[in-house]
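Q: Have a look at this one.
FYI, it's all coordinate maths here, none of it is from the lab. It should be emphasised that the depicted structure is a prediction, and the values quoted were computed from it without experimental measurement. When we count neighbours, we look across all protein chains shown, and the Cβ atoms used for this are built from the backbone with ideal geometry, even at glycine.
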Amino acid sequence: MRILIVGGGYVGLYTALRLQKQLKQQLTRGDIEIVIVSPDPYMTYQPFLPEAAAGSISPRHVVVPLRRVLDQCKVVIGEATEINHAKRTATLTTLATEEGGEAEQLTYDELVLAPGSISRTLPIPGLADHGIGFKSVEEAIGLRNHVIEQMDIASSTRDPAIRDAALTFVFVGGGFAGVEALGELEDMARYTARYYHNVTPEDMKWILVEASDRILPEVGEEMGRYTVTELRRRNIDVRLHTRLESCVDRVAVLSDGARFPTRTVVWTAGVKPHPILAATDLPLNGRGRLKCTPELSVEGVTHAWAAGDAAAVPDVTASEPGKETAPNAQHAVRQATTLGDNIVRSLRGEPLETYAHAYVGSVASLGLHKGVAHVYGRKLKGYPAWFMHRVYHLSRVPTFNRKARVLAEWTLSGLFKREIVSLGSLEHPRAEFELAAGGKPPADPKGSS
């Protein structure tokens with residue numbers, strides 16, 4: 001019997017861990033095989049991306065290697081491009097496919113769809129050419145390198161236009177990703193400026209653009225207002241009821257008429273369901289997510305399960321009918337445990353468990369020793385909220401190995417100074433050799449966007 005898990009994120013990893021534990025004997029005997037299909041050989045713990053971008057955590061400690069953790073499972077690096085659940089088959093493209101091999105047809109008995117989500121972009125002129133995302137560890141480290149590189153550019157020119165554009169940083173989206181990324185990077189850049197003889201924190205412009213009337217809606221209206229006040233106190237330009245209309249020719253044009261020449265536009269304005277969901281014969285809701293039952297099975301079909309960003313799961317704890325659980329990490333991790341248990345119960349013919357978890361609140365970091373939180377009705381800000389943010393996410397990052405490494409790095413970062421080195425050349429490691437071998441120099445050798 002084969003259980004196919006599509007996606008190696010929160011739900012994929014935690015579901016496989018649960019199945020590995022519950023089905024240990026069957027896996028050892030070879031009665032059951034668990035196959036995980038993931039585009040990356042690791043799971044990224046996304047709440048740590050802002051700290052990785054700021055240099056507080058090493059990039060390799062933000063990810064969890066799937067093969068090491070899931071040693072009883074078969075990990076396939078690739079993507080599912082089509083799923084025919086009626087026939088129990090999935091079409092996979094792997095790294096070998098890119099080398100000329102054929103797409104693989106994989107049969108299965110039980111399906112877990114957990115591909116997560118992708119960035120939701122809009123047809124804004126220039127966004128595809130100049131925008132920077134913030135969903136992967138590669139993007140987070142690339143953004144860190146890029147910010148420090150812009151400070152290098154500003155420090156080495158006397159042209160005021162080039163200098164102004166280099167030191168202007170525009171973040172679009174006032175959710176967790178945008179606010180935490182901006183808060184951590186502004187904090188890092190403020191610290192880094194002390195090592196430049198002609199760049200000061202006052203020279204830099206940090207702009208947060210949000211289309212709605214508030215930021216961080218998950219932490220409540222009061223804490224959202226406090227966050228706006230805190231950011232503005234740090235000379236960060238927070239613009240509510242504002243949209244990005246264009247970034248052609250490296251000029252960010254906003255809906256309120258403001259224009260900012262800039263070399264940095266970070267897009268964090270929401271996510272949308274993974275395209276694989278539309279390439280299945282499973283039922284979707286109006287937003288393109290899988291219709292699910294409170295037991296995390298796909299509605300109307302058997303042997304198909306889903307959770308996380310890809311699933312529209314009814315919230316049985318909500319007072320109003322029809323409400324769905326929020327697509328966030330807090331629910332995804334807990335849903336994965338219930339999902340794994342329910343698959344085992346289904347195989348044994350036992351009653352399934354209903355997923356029920358009341359949302360307990362949220363925490364957000366706004367830089368070193370700065371944060372905001374709304375947990376169990378209690379509102380915290382400043383250092384207590386920042387400390388709670390670290391404690392909570394340290395408890396949630398998978399494996400003791402990663403917990404120990406992250407804690408060690410936090411301890412060392414408290415004893416020593418920040419690293420302020422840009423390693424943008426890592427994004428094009430062959431550039432130097434190609435030039436030495438007689439090739440043309442790359443148009444952008446350090447990977448700056």
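Q: Charges at C-beta only: +1 for Lys and Arg, -1 for Asp and Glu. How large is the resulting dipole of segment 1-132 about its Cα centre, in Debye rounded to 20?
A: Using only the charged Cβ atoms, the result is roughly 600 debye.
Q: For segment 242-317, with the dipole built from +1 on Lys and Arg beta-carbon atoms and -1 on Asp and Glu ones, taken about the Cα centre, which of 283, 255, 303 lies farthest toward the positive end?
A: Of the listed residues, the answer is 255.
Q: Please grab the % of Cα pairs in segment 45-123 that end up more than 17 Å from each other.
A: In whole percent, the share of Cα-Cα pairs in segment 45-123 beyond 17 Å is 66.
Q: Does anyone have the angle between helix 10-22 and the longest principal axis of the chain? Alpha-carbon axes, 0 to 90°, nearest 10?
A: 40
Q: Is there a quick way to get the dipole size of segment 100-200? I mean about its Cα centre, with the Cβ of Lys and Arg at +1 and of Asp and Glu at -1; what is the value in debye to the nearest 20?
A: 640
Q: Compute the long axis of helix 137-155 from its Cα atoms, compare it with the longest principal axis of the Cα atoms of the chain, and write down the angle in degrees, 0 to 90, nearest 10.
A: So the helix axis and the longest Cα principal axis differ by about 0 degrees.
Q: For residue 323, give me every one of the aspartates and glutamates with a C-alpha distance below 20 angstrom, ignoring sequence neighbours fewer than eight places off in its own chain.
A: Straight-distance partners of residue 323: 218, 295, 299, 309, 315, 353.
Q: Oh, and also: Against the longest alpha carbon principal axis of the chain, how many degrees, from 0 to 90 and to the nearest 10, is the axis of helix 383-396 turned?
A: 40
Q: Beyond a 28 Å Cα-Cα separation, which of these cross-linked pairs lie in this structure: 21/370; 381/417; 370/403; 24/135; 272/403?
A: 21/370; 24/135; 272/403
Q: Run lengths n ≥ 4 of DSSP H only: what is the helix-derived mean residue ellipticity at 222 nm for the chain, with -39500 (n - 2.57) per run over all residues, to the nearest 500?
A: For the chain, the value works out to -10000 deg cm²/dmol.
Q: I would also like to ask the following. Over all alpha-carbon pairs in segment 83-207, figure out the percentage whose distance exceeds 19 Å.
A: Above the 19 Å cut-off, segment 83-207 has 64 percent of its Cα pairs.
Q: So, one more: With +1 on each Lys and Arg Cβ and -1 on each Asp and Glu Cβ, and nothing else charged, work out how big the dipole of the chain is about its Cα centre, in Debye to the nearest 20.
A: 1220
Q: Can you tell me the Rg and Dmax of segment 1-73, counting just the alpha carbons, in angstroms?
A: 14.1, 46
Q: Go through 196-204, 23-31 and give me the packing order, highest mean Cβ count within 10 Å leading.
A: Answer by packing, highest mean first, reads 196-204, 23-31.
Q: Can you tell which of 414, 431, 386 lies farthest toward the positive end of the dipole of segment 378-434, using +1 and -1 charges on the Cβ of basic and acidic side chains (Lys, Arg; Asp, Glu)?
A: Most positive-ward Cα: 386.
Q: Taking 37 °C and 0.692 mPa s as the conditions, I'd like the Stokes-Einstein D for segment 236-373 in µm²/s, using the Kirkwood hydrodynamic radius from alpha carbon pairs.
A: Here the translational diffusion coefficient equals 180 µm²/s.
Q: Give me the one-decimal Kirkwood hydrodynamic radius in Å for the chain, with the sum taken over alpha-carbon pairs.
A: When all Cα pairs of the chain are included, the Kirkwood radius is 23.5 Å.
Q: Additional query: Which trypsin sites (Lys or Arg not before Pro) in segment 58-114 sit in a loop by DSSP (not H, G, I, E or B) and have at most 16 other Cβ atoms within 10 Å of their own Cβ?
A: Here the sparse-neighbourhood loop sites are 87.
Q: Please compute the net charge surrounding residue 274, taking Lys and Arg as +1 and Asp and Glu as -1 over other residues with Cβ under 10 Å from its Cβ.
A: 0
Q: Over all distinct Cα pairs, what is the inverse of the mean 1/r for segment 142-233, reported as the Kirkwood hydrodynamic radius in Å?
A: Across segment 142-233, the inverse of the average 1/r is 14.1 Å.
Q: For the chain, calculate the relative contact order in percent as a whole number, restricting contacts to Cα pairs under 8 Å that are 6 or more residues apart.
A: The normalised contact order for the chain reaches 18 percent.
Q: Along each of its three principal axes, how wide is the spread of alpha-carbon positions in segment 263-315, in whole angstrom units, largest first?
A: So the three principal-axis extents are 50, 26, 18 Å.
Q: Have a look at 175, 438, 367 and tell me which one the Gaussian network model of the chain (Cα, springs below 10 Å) gives the largest fluctuation.
A: It is 438.
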